[in-house]
Structures are given as structure tokens and as C-alpha cells.
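Structure record follows, encoded as C-alpha cells.
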Amino acid sequence: MGFRLPRGRKRVLWSAVAVVVVAAGVGGWLVFWPSSPEPAAESVTARATSGPQRQTVAASGTVQPARRSDLEFAVSGTVTAVLVGEGDTVTAGQELARVDDALLRAQADAAAATLDAAQARRDEDAAGSDTQLAADDAAVVSARSRLDSARADLDHARLRSPIAGTVASVGLAVGDQVSSGNSPDDATTPSAAPDDQSDDSASGITVVSTGRFVVAADVAAADVAKVKKGQQVEITPVDAARPVEGTVASVAAVAETSDNGAATFPVTVDVTGERDDVYAGSSATVSIVTEERDDVLTVPSQALHGDGKTTYVNKIVHGRPVRTPVTIGTAYGPVTEIVSGLAEGDEVELAGFARLPGGGANGGKGRDGGTNEGPDGGPDGGPDGGPDTGKGGGPVVVPDGGGAFPGGN
């Protein structure tokens, strides 16, 4: 007698078999049903354009006053007056400080008396021998030289500013003993480099020009050959509202060593005109124009291809890319000059860029416009997918969105 299932268990078994069959059919449909075709990618193009182009050399530096005078007394003595303080505005020739000049006056008076005596002796010996007259003339010349020197020392007892500007520092006080230093005229220099401006006068007064500035910049050794005196410069101080214009004033012939050991050349740039929006001591970047040309035909550099012998572009002709040899010239940042092979307005294909319908080049949007998103997906998701899923799980693409890669299935 054969084994027989109860009627209730038969119904359960047949129900399970039906579920398996239906599942297999659905799975087969999913496997063999053709997936919807991906939308065709469109190439990204650009046009050849003609216009002005520049080549520049970039550098960084520090804004400095155009002129700086580190003033010290040229004579020895005791300081009897300090007439200015830091921040004061002064005019050219204004007295800033003085020392006791009693001894200097006495020396000047003595020198004047000596000259008078020498001239009187010369007059008395007018009928004398040539030898005597020559000696008298030499005595007059010597006495006049001593008087001139004494009068100059007396004048140097008063420290005066050779330039109009602002007092940057005062290193003197009444009662200080000073010794003869440099002549004030010799102490006036244009600002040339940050190192020249770093030390305030410890025993004198420093005056800097107001409203006129230079930038002391360092240019890399690889670029300095392109930089010449008189070239135009665009200067961008860190605290200025907009760039300002300038010109190259000087280029050093001897290199210096930067903090990282590289060779750099000091370059001084004059800031054009008087400025009230530029401040000494602030950092600045400079862009030195080494070449400027008009009507240069260029295309984006991404449009260029090479096969080892020929440079070419894919020119769009009647909607299709056509390989077109070109002769290239100078590269200007993201664009390159076309010497021959194209005309202004010609359309070229950009290498490595593609646009899917509804999206941008090399990336795009889903139906509702989110970056790399589908309508219901999270970031980089497909319609109902999570991160980085396409229609069935491809990288960063949705069915109707743009992107670099099609969605997976």
C-alpha cells in the first residue's frame, strides 16, 4: 500500500510548487528582458575665438614706502631737542631734532677768523715773490675749506628731513649723547627690498614717504630672464579692495636664497600714482606682463590631440567631428594659440568631455536636477537607489541623468 499525503498537506505542497514556478518566471523575465538603452552621449564643443592675450610672471612680495630716510646726526654732541614724534607728518627740510652747537659755533668762528687773516696776509704780500704769493694762496684755500667744513657741521647740528612724509620711528631723547654718523642726504634711499626696511633707526629718526609705494618682490630664477624694467604689473595687496597698477623699477642682477633654498631675484615694482588704499608692510602678489598681443586665435587646450607627428583637432563639420591638422603657437593658460588650420568661429570637440541628455559634461543631474541624483535617490543615487547606484547599481549615474559613466544593471 503506497504512502499518501493527507488532503490538507497536498494543498500546501502544490501551493509551494506554484510559488517556485512564478518566482522562476519572474527571475527569467528580469534576466532575459532587454534593458532600456542608455541615452547617447553628446560631445562637448567650443569655438575658436580671437582676442588679446597676455603672458605673465607671478611673484609675491611686501608693500614698502617709495622712499625711506634713516636719519642720524652727522656730528657729535648732546641732544637738546626732539621736535617730532612717531606718526607726525613732516615736510622736506623740516627740523626734527638738534644737538648742543656751542662748540660747533666756536669752531666756525675760529675758522672764519683764520680765513680773514690768511686773506689779509695775501693782500700784504701782493708785491712779494711768486713763492710767497703761492704760499699765501694755499693758506687762503685751506682756511676757506676749514670754514666750509665748520659751517656744515654747525648746520648738521639740526637734523632735518630730506623728504616729505611720515615719521615712522624716533630713536632719540633729550640728553642722549650722539656720535657723528652718516650725512642725512646719504641716508635717503628708495625702498628696495624687505631686508632693507626691517631695522628702524636705533639712534636717529626714520621718515617714510606718504602715498607713494613700491612692492619688493622675489621672482623665481626660472622666470627672471623674462622680466625687464618698465614692464606693466598688476599688484594685488591682501588688504586692498581691488588690484592696482605698477611698473617694474629694477631687477637685481644677483640672486638671493629663499627660505626653502631656491634662488630668487629681488624685483622692485613702483606702484602707479599716489594711493590712500595701500599700506606699507602688507603682503602683495604681483603679475608682471611679459608679453601682450592683440587678435590671437585660440582654442581650449583640451581640444588638441597629437599622434607624435601631427597636432590636430576634431573640427565639427556638418555635425560630425573631422580630424583637422593645426599649427599651434603660444599657450596662454587654459587656451592655446592656433597659427594655422582653423578660422575664428570654427567649432571643435573637447577631448575627454561628454554630455548625456539632461546633464552636464562629465557629470550631471537626474530628472529633478540634483547633482548626480535621481528623483527619489540620495546623493549619487538612482530612482530608488542609495548612494552610488544607477538604475540597477552603477557608479554615480541615473537613467535620465548625465554623467561620465552609464548606470549598471
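The values are calculated or read from the model by the stated rules, or taken from the named source; none is laboratory data. Because the structure is a prediction, the values reported are computed rather than measured. Backbone-built Cβ (ideal geometry, glycine too); neighbour counts: all protein chains shown. Note: accessible area is taken over every heavy atom of the protein model, side chains too, but ligands, DNA and RNA are not part of it. Shrake-Rupley method; radii C 1.70, N 1.55, O 1.52, S 1.80 Å.
Put simply, the amide H of ALA164, placed in the peptide plane, has neighbours under 5 Å in ALA92, leaving out anything fewer than 5 places away on its chain.
Taking θ as phi - 60° and the Karplus parameters 6.51, -1.76 and 1.60, the scalar couplings of region 73-80 work out to 5, 8, 10, 8, x, 9, 5, 10 Hz in sequence order, x denoting glycine and proline.
Using the average count of surrounding beta-carbon atoms within 10 Å as a protection proxy, the listed peptides 125-137, 321-333 rank, highest first, as 321-333, 125-137.
Residues in region 214-228 carry Karplus couplings, in order, of 10, 10, 8, 10, 10, 9, 4, 4, 5, 10, 5, 4, 7, 8, 10 Hz; the curve used is 6.51 cos²θ - 1.76 cosθ + 1.60 with θ = phi - 60°, and Gly or Pro positions show x.
Legend: calculated FRET efficiency, GLU292 to THR257, from the Cβ-Cβ distance at R0 = 41 Å, rounded to 0.05, equals 0.80.
Sorting 268-274, 66-72, 254-260 by average packing, meaning the other beta carbons within 10 Å per residue, from highest down gives 66-72, 268-274, 254-260.
Applying 1/(1 + (r/R0)^6) with R0 = 45 Å to the Cβ-Cβ distance of ARG54 and ALA126 gives a FRET efficiency near 0.05. For ASP294, the solvent-accessible surface with a 1.4 Å probe is about 120 Å², rounded to the nearest 10. For the pair GLU274 and GLU337 in one chain, pulling the backbone fully straight at 0.36 nm per residue adds 18.9 nm over the alpha carbon distance. Under 5 Å from the amide H of ASP346 lie the amide H atoms of ALA48, each residue being 5 or more positions distant or on a separate chain, with H modelled from the backbone and absent for Pro and chain starts.
Residues whose amide H lies under 5 Å from that of SER282, counting only those 5 or more places away or on a different chain, are VAL63; hydrogens are built 1.01 Å from N in the peptide plane.
In this label model, ASP176 and GLU245 are separated by 4.2 nm, measuring between points 7 Å along each Cα→Cβ vector. If the chain linking VAL317 and ARG105 were pulled fully straight, counting 0.36 nm for each residue of separation and taking away their Cα-Cα distance, it would gain 66.9 nm.
The phi-based Karplus calculation (6.51 cos²θ - 1.76 cosθ + 1.60; θ = phi - 60°) puts the 3J(HN,Hα) values of region 125-135 at 8, 4, 9, x, 6, 4, 5, 5, 5, 5, 5 Hz, whole numbers, x for Gly and Pro.
Can you bin region 198-282 into rounded, prolate or oblate? Criterion: square roots of the alpha carbon gyration tensor eigenvalues sorted a ≥ b ≥ c, rounded for a/c under 1.5, prolate for a/b above b/c, oblate for the rest. The shape class here is oblate. Taking all protein chains as they are arranged and a probe of 1.4 Å, the heavy atoms of VAL44 leave approximately 20 Å² accessible to solvent.
With a cut-off of 14 Å on the backbone N, the residues of region 91-109 near the modelled label site 7 Å out from ALA164 along Cα-Cβ are 91-94. Counting only heavy atoms of the protein chains and using a 1.4 Å probe, LYS226 has close to 100 Å² of accessible surface. What whole-number distance in Å separates the alpha-carbon centres of region 79-152 and region 278-344? About 71 Å separates the Cα centre of region 79-152 from the one of region 278-344.
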